[in-house]
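Participant: Please see the structure below; I have some questions.
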Amino acid sequence: MTEPTVTDTHAVRAVDAAGDGASGASGASGASGASGASGASGASGTVRSEVPSAPVVPVVARTRDELVEARSALGDGDVAVVMTMGALHEGHATLIQQARRAHRHVVVTIFLNPLQFGPKEDLSRYPRTFDADLDICTAAGVDLVFAPTPDVVYPDGDPGVRVSAGPLGDVLEGQSRPGHFDGMLTVVGKLMHLTRCSAAYFGQKDAQQLLLIRRMCRDLDFPVRVVSVPTVREPDGLAMSSRNTYLTPSDRETALCLSAALRAGAEAAPEGPSAVRRAARAVLVREPLALVDYLVLVHPDTLEDVPEWYRGEALLAVAGRVGTTRLIDNLPLLVGPGGGALETFSQD
Ligand code: AMP
């Protein structure tokens, strides 16, 4: 029998919802909905042309047992995961849609990982919008949402054994957020194991995170394909972020200097590294209300400053505080003749 395509699976899930109701809404409240997903993977595609593809609420698993049941129902095939901290926006939706197009099943995790937040960071005020998140997952055709609490992910409390990000975790974001990347990699590793994914989608928006996850998968032989997705921006250039909700209207105006600086840097890319840095810095100094933490032009693999003679792909990255909010942004560039902003790095 021919393997059903991604769209087939989707249509069959819709049949479940419209028919006996075994998967959709019941799945949303607990692992019982896993039966619906199992129906999807086992059903033939014969009914699909008769039933319009209505969105189906994903199965929601909150415990390990619920996850095991719901995940088994998806079978051993191709499962992509999109890991998030919730407060989903169009950036997250884009990751999910891209995963949806390329894989038979998509799992979204929603987990605010205490391990990656410092004591003075924004864990307690981080926006929590589960119902809206579930609507986004439903519209994007997600099969399974894993939304655990910290005691589910860390049943014995803080893990004594953690993944170490190594020296790449100490620079840039790691300098302002000690331990952040160890905590991030530890949970990403755990979620890769728990969801048994074959692919994982991450945003270029968090460039250092993406690099470290790629490194972890390579260095520790995780059998997971890491896929990057270009940064999704507001029409005025601001990189979408769950933290943008903290910005007052005037903060938001101020925050535009970050993406404007990156664009200015990209325009100067044909002239070489110091022209890029100069052009980006010139934009930032005109905005005293943005407290810039760093502006760097670095090699995308080593995160080391590129020398003046360098020509090739580089990452222009910026971080700063606007009002009470710390924001980051970056742009992949080609530096040198014909250079400018890149959609993605060639290794992606
Ligand atoms: P977060 O919920 O902020 O941890 O983000 C979850 C995933 O979404 C990460 O892989 C982020 O890099 C990605 N992401 C967040 N914002 C954007 C954006 N504006 N464009 C593309 N990906 C994003």
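Participant: Somewhere in region 119-131, is a residue closer than 16 Å to LEU67 by Cα and of a type outside the set (S, T, N, Q)?
Facilitator: No, because not a single residue in region 119-131 is closer than 16 Å to LEU67 by Cα and of a type outside the set (S, T, N, Q).
Participant: While we're on this one: Exactly one condition in (1) surrounded by fewer than 22 Cβ atoms within 10 Å (Cβ to Cβ); (2) touching a Cys at 6+ places or on another chain (Cβ under 7 Å) is false for ASP170; which is it?
Facilitator: Looking at each condition in turn, ASP170 falls short on (2).
Participant: A further question follows. Give the residues of region 172-221 that are among the small types (Gly, Ala, Ser), in a helix (DSSP H, G or I) and within 14 Å of the ligand (Cβ to nearest atom), sorted by residue number.
Facilitator: Across region 172-221, the qualifying residues are GLY183, ALA207.
Participant: Any residue at all in region 229-241 that is assigned to a strand (DSSP E or B), within 13 Å of the ligand (Cβ to nearest atom), among the β-branched types (Val, Ile, Thr) and under 24 Å from ASP133 (Cβ atoms)?
Facilitator: Yes: one or more hits.
Participant: Only one of (1) within 14 Å of the ligand (Cβ to nearest atom); (2) open to solvent by 20 Å² or more (accessible area, probe 1.4 Å); (3) farther than 26 Å from GLU304 by Cα fails for THR248. Which number is that?
Facilitator: THR248 satisfies every listed condition except (1).
Participant: Continuing with the same structure: As an exercise: evaluate VAL224 against (1) out of contact with any Cys (no Cβ under 7 Å at 6 or more places or on another chain); (2) more than 10 Å from the ligand (Cβ to nearest atom); (3) of a type in the set (A, V, I, L, M) and give the number of the one condition it does not meet.
Facilitator: (1)
Participant: Please count how many residues of region 297-312 are within 22 Å of the chain's Cα centre (by Cα) and either of a type in the set (S, T, N, Q) or surrounded by 15 or more Cβ atoms within 10 Å (Cβ to Cβ) (or both). Spell out the reasoning first.
Facilitator: Looking only at region 297-312, we keep the residues that are within 22 Å of the chain's Cα centre (by Cα), and these are 298-303.
Checking the rest, the ones that are also either of a type in the set (S, T, N, Q) or surrounded by 15 or more Cβ atoms within 10 Å (Cβ to Cβ) (or both) come to 298-300, 302-303.
The number of residues fulfilling the criteria is 5.
Participant: Taking the residues in region 76-131 that are aromatic (Phe, Trp, Tyr) and more than 11 Å from the ligand (Cβ to nearest atom) as candidates, determine which candidate is least open to solvent (accessible area, probe 1.4 Å).
Facilitator: Among residues in region 76-131 that are aromatic (Phe, Trp, Tyr) and more than 11 Å from the ligand (Cβ to nearest atom), the one least open to solvent (accessible area, probe 1.4 Å) is PHE117.
The values are calculated or read from the model by the stated rules, or taken from the named source; none is laboratory data. Quantities reported herein were computed from a predicted structural model and do not represent experimental measurements. Please note: Cβ atoms are built from the backbone with ideal geometry, for glycine as well, and neighbour counts cover all protein chains shown. Heavy atoms of the whole protein, side chains included, go into the accessibility calculation; ligands, DNA and RNA do not. Shrake-Rupley method; radii C 1.70, N 1.55, O 1.52, S 1.80 Å.
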